[in-house]
1. By how many degrees, between 0 and 90 and to the nearest 10, does the Cα long axis of helix A:274-284 differ from the longest principal axis of chain A?
2. Scan the stretch B:49-128 for chymotrypsin sites (Phe, Trp or Tyr not before Pro) in coil per DSSP, keeping those whose Cβ has at most 16 other Cβ atoms within 10 Å, and list them by number.
3. Tell me the Rg and the Dmax, in Å, that the Cα atoms of the stretch B:1-137 produce.
4. For chain B, what is the mean residue ellipticity at 222 nm derived from helices alone (per DSSP H run of n ≥ 4: -39500 (n - 2.57); sum divided by total residues; nearest 500 deg cm²/dmol)?
5. Can you compute the FRET efficiency between A:Asn36 and A:Ser134 using 1/(1 + (r/R0)^6), with r the Cβ-Cβ distance and R0 = 22 Å? Round to the nearest 0.05.
6. How far is the Cα center of the stretch A:39-78 from the Cα center of the stretch A:110-182, in Å?
7. To one decimal place, what Kirkwood hydrodynamic radius in Å is obtained for chain A from all pairs of distinct Cα atoms?
8. Scale the Cα Rg of the stretch A:224-293 by the rule-of-thumb value 2.2 N^0.38 Å and send over the ratio, two decimals.
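The values are calculated or read from the model by the stated rules, or taken from the named source; none is laboratory data. Keep in mind the model is a prediction, meaning the values are calculated, not measured. Backbone-built Cβ (ideal geometry, glycine too); neighbour counts: all protein chains shown. Areas reflect the complete protein model, heavy atoms only, side chains present, ligands, DNA and RNA absent. Shrake-Rupley method; radii C 1.70, N 1.55, O 1.52, S 1.80 Å.
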Amino acid sequence: MIKVSGVTKKYPARLAVDNISFEVARGEIVGFLGPNGAGKTTTMRLLTGYLPMNAGRIEVAGFDVEKEPHEVRRRIGYLPENCPLYPEMRVDEYLRFRASLKGVRPSARKARIAEVKEQCGLTEVGRRIIGQLSKGYRQRVGLADSLVHEPDLLVLDEPTVGLDPFQIRQVRELIKQLAEKHTILLSTHILQEVEAICERILIIDNGRIVASDTEENLHRKLHACSIIEMEILADQAAAVGKVDALGGMNVRNASELADGWLWLEIESDSAAMRVELYNLAVAEGWPLRELTEQQHSLEDTFVKITQGKEGGR
Amino acid sequence: MSTFATLLGKELRACFCSPAAYVVMFFFWALTGGNFVWLLGQLAHGESLTLATQLLFSGPLLTFSLPVVVPLITMRLFAEERKLGTLEALLTTPVRVHELVLAKFAGAMAFYMVLWLPVFAYAFIQHRLCPPGVAGFPDLGALAGGAVGTVLVGAVYIAVGLLMSSLTSNQIVAAIGGFALLFGETLGFTILAYSATNPLMRLVGQYYSSFAHLMDFARGIIDSRIVVLYVAYAAWFLFATVKVVEGKRA
């Protein structure tokens, strides 16, 4: 659906996007993740043909963005950053205006608008003036607009920014529903969002794609070893010695908790080593109350990837 | 074509459904009223009747208020779209930049022409007040000439204002830029035309002063050179606006 090859975008003062390439297949939901200022919005603007690129080539649905911009725009539903709308217009009026600009045939327009309003939960507010709607509703109007011409691809730039937690959940649910019919590229700097919605993650940092994979694969690649936490009632020096002696694992951290129990943080090749630890505790007669594998959050992964590059530069 | 119609419809709604438009309309209509009252005063003091129709369109009160009024109409056209970010939303739909620029121009022109409507009412009043036996009053030729001239000058002013609005996301900057350019032009060339000592400079002033041109038009003189000059002016500024909108994106 999207094919980006070797795209570079320079602004007068800096290089915003530096020779990036990636592909998005039909039907995928891809999260575009990166710190603020990493080049997410610029990349999306390049995709929609809003900004010209300095080098490279972008294809959307088989059309070249530079050579056939109108064909590309007909196939993209784009929600720009901050969801720009005309505050003085009514919701229906705005959707009619946008549908007509995007070439929805007059005969189909009414039905199509009713459909997207239904999808986005706007049926009740059709007559309301956009400027008087809450941020959550405005975001939905933006989404309805991006859907109205039945695009193959949805490009959503930070669709939940500025919403309250309840509204965020609603918009996410909506996006998940949309994913059944559309290919979605979604940018955000909120990690939970990507975890909640996306199948695949593209991480961009300083204008470069630094990772592109599913969430689990990213974790696996970055965290070759797993960390196991264990709480037992035992003598610290003895316990550490015994665990290290097991092989395949070593104690990274050990400390005595306030209630006298001993807490161990163990690095091991695989989480399956927990069985060995259990057997050890039974054999040694250590009371055991906790034995868990630490879950890596996407946050850790993200920080590791972007920081890692930072150090390498 | 249908895209253009959609865009124009939106522009017209935005023009006529905004409170700012009615403020502008109120003041301009007050000025046309003031102009008419002043004109009646002149006539009552024995001023020649031939001036009566001419000054309906080219009274100095009106001519010199246009450089203020037009930027007030045009300032929001692109600056507001930039500020709201809706320009990005517009230009990522299958809209062509020239369609957008022309729609905004046509919308502003329509509003501008509505501003001038009261003048025809005053012409009608003149006609009714005119004692029987005075033929050809109001002078329909002069009225038509005045209308053509007003539209031409308006087209150029609106095109200038549109260019100014496309350059910034700040409406005040757009308005002041347009005002400075238009007022400088009108006043500068008019001063040259009427009071330069150097005959060459005086000629240049006469060629370019829109005040002088409006006086001629309102007398019923439609000079094709001036028509071509104004159409070319407007076309050039519109072209420049298209290029600015195409180029200045971020």
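1. Helix A:274-284 and the main axis of chain A meet at about 20 degrees.
2. Filter output for the stretch B:49-128: B:Phe64.
3. Rg and Dmax of the stretch B:1-137, Cα atoms, are 19.4, 64 Å.
4. The per-residue figure over chain B is -27500 deg cm²/dmol.
5. Efficiency, rounded to the nearest 0.05: 0.35.
6. Here the two parts' Cα centres lie 22 Å apart.
7. About 22.3 Å for chain A.
8. Rg over 2.2 N^0.38 Å, computed on Cα atoms: 0.97.
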